[in-house]
Amino acid sequence: MTDLLQRGREYFSSQFGAAPGGLWSAPGRVNLIGEHTDYNDGFAFPLAIEKRTLVAASVRADRRLRVASSSFPGVVEVSLDGLDPDALHGWAAYPLGVAWAMSEAARESGGPVDGLAGMDLALSSDVPAGAGLSSSAAVECAVALALNELWGLGLGRQQLARIGRLAENRVVGAPTGIMDQSASLLGEPDHGILLDCQSLQTESIALGFAGAGLGLLVIDTRTSHSHADGGYASRRRSCEEGARAMGVGSLRALGPADLPRAAALLDTQTFRRVRHVISENQRVLDTVATLRTRGPAAIGPFLNASHVSMRDDFEISTAELDLAVSSAQVLGAVGARMTGGGFGGAAIALVRDSDARRVAEGVAQAFDRAGFAAPRIFPVTASEGARRES
Ligand code: GLA
């Protein structure tokens, strides 16, 4: 972390010619279970990871916003007066989209939008992009926290999560839910965040992995995914169609007892999409209940069943993700599943500490035998959410 802080400070100075006024950071996330449930008003159970995005920021005397990212060349500059959500593109759409969404929130709460100062923002990150670990939410949440403080808006973390989602939906054009931003803002060390995406209530649940001699491995397949592309949006549409046909506002209103009626009413594909969401919501609740009663070593079957549901019913897995999961399972993982939106990205495996190295090596060998590019495999631990660093 000190390394990222140091890099972030130096990068800001190299771009803007002065030391930054402050540093803020926000983490990526893995989702332990509860996939494609957030936009269905359902349950999800993600955790923030130790890989973080840093934003170094300084207030300006004028109304210019300048953003730089150590992952991309050049500085993007716009005026706060002409912030047009339709005119923001590429990587800068994330930080500037958040600035736009925050100024909208300030306007709605009757704040002095004309009084918001310009800003220099420099981003640097340890969160791998395109791996399904929410590098985009990490950017959004770090910037949201910094602007909230520097603009003196006093917005709460759940509001900041909604602002991040609005930036992603409206500016980036990805119809995603609230999970990633919630995990990045609300994460706690050694805890998962149980999200009820209907009431927007959240609860920190102790994971107890370390005490049980367990750890989480991320297997980044290095196959890319983008949620601004078709697959994610088409799954979301199927869910909305399924809910409409079943006469409910969202799939959250349905439970396992509704499945026979859904099977009779829906075409087979929509039925399978709906069955995934209904069963996944139940698996989130079962996972949390099992953590509490029997401990983390007992949650594996829910992780494994979640993957099968995403592979067969929701059809968002890939050959690489399936191999990551099946090889980890064969090598003795307690449980494994793809994580995130799917169509590429990463899988997670819950493993005994004593097995971690063997599982990692064996999965890499399985990828090699299959002729797939070498995966990037690394441990993650549940970590603190967005915070001011200095
Ligand atoms: C992406 C989205 C989230 C969520 C997941 C799937 O990460 O950003 O809102 O829908 O996919 O669970």
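Relative to the present Cα-Cα distance, how much length would full extension add between residue 319 and residue 390 at 0.36 nm per residue of separation?
Working: separation 71, 0.36 × 71 = 25.56 nm, distance 4.34 nm.
Value of the extension gain: 21.2 nm.
Quick one: of the DSSP bridges fully inside the chain, what percent are antiparallel, nearest 5? Counting DSSP beta bridges with both partners in the chain, the antiparallel share is about 90 percent.
Label positions at residue 265 and residue 381, each projected 7 Å from the Cα along the C-beta direction, are separated by 4.8 nm.
Near the amide H of residue 125, within less than 5 Å, lie the amide hydrogens of 54, all on another chain or at least 5 residues away, with H placed in the peptide plane.
Using the beta-carbon distance between residue 233 and residue 18 and R0 = 35 Å, what value does 1/(1 + (r/R0)^6) give for FRET efficiency, to the nearest 0.05?
Values: r = 42 Å, r/R0 = 1.20.
Computed FRET efficiency for residue 233 and residue 18: 0.25.
Only helical runs count toward this figure. For the chain, summing -39,500 (n - 2.57) over DSSP H runs of n ≥ 4 and dividing by all residues gives -12500 deg cm²/dmol at 222 nm. Computed 3J(HN,Hα) for region 215-221, one whole-Hz value per residue from the Karplus formula 6.51 cos²θ - 1.76 cosθ + 1.60 where θ = phi - 60°, is x, 9, 9, 9, 10, 7, 6, glycine and proline marked x. The string of couplings for region 332-341 from the Karplus curve (6.51, -1.76, 1.60, θ = phi - 60°) is x, 4, 5, x, 7, 7, 5, 10, x, x Hz, one whole number per residue in order, with x for Gly and Pro. Is the C-alpha gyration tensor of region 207-380 telling us rounded, prolate or oblate? Criteria: a/c under 1.5 is rounded; beyond that, a/b larger than b/c is prolate, otherwise oblate. Note, shape of region 207-380 comes out oblate.
Peptides 335-347, 237-249 ordered by packing proxy, namely the average of other Cβ atoms within 10 Å per residue, highest first: 335-347, 237-249.
Once the chain from residue 369 to residue 117 is taken as fully extended at 0.36 nm per residue, the excess over their C-alpha distance is 85.2 nm.
Surface composition of the chain: carbon plus sulfur atoms hold 49% of the accessible area, using a 1.4 angstrom probe and ignoring ligands, DNA and RNA. Modelled spin labels at residue 240 and residue 201, positioned 7 Å past Cα toward Cβ, are 2.8 nm from each other. Counting Lys and Arg as +1 and Asp and Glu as -1 over every other residue whose Cβ lies under 9 Å from the Cβ of residue 164, the net charge comes to -1. Each of residue 59 and residue 10 was given a label point 7 Å from its Cα along the Cα-to-Cβ line. The distance between the two points is 3.0 nm. For region 312-390, the dipole from Cβ point charges (+1 on Lys and Arg, -1 on Asp and Glu) about the Cα centre works out to 320 debye, to the nearest 20.
Find the accessible area per residue for the chain; the probe is 1.4 Å, ligands and nucleic acids are left out, and the unit is Å².
Working: 14910 Å² over 390 residues.
Per residue, the chain has an accessible area of 38 Å².
Across the chain, the relative contact order, built from alpha-carbon pairs under 8 Å that are at least six residues apart, equals 24 percent.
The values are calculated or read from the model by the stated rules, or taken from the named source; none is laboratory data. On a predicted model such as this, the values are computed, not experimentally measured, just so you know. Quick reminder, even Gly has a Cβ in these numbers, built from the backbone with ideal geometry, and neighbours come from all protein chains shown. For accessibility, only protein heavy atoms count, side chains too; no ligands or nucleic acids. Shrake-Rupley method; radii C 1.70, N 1.55, O 1.52, S 1.80 Å.
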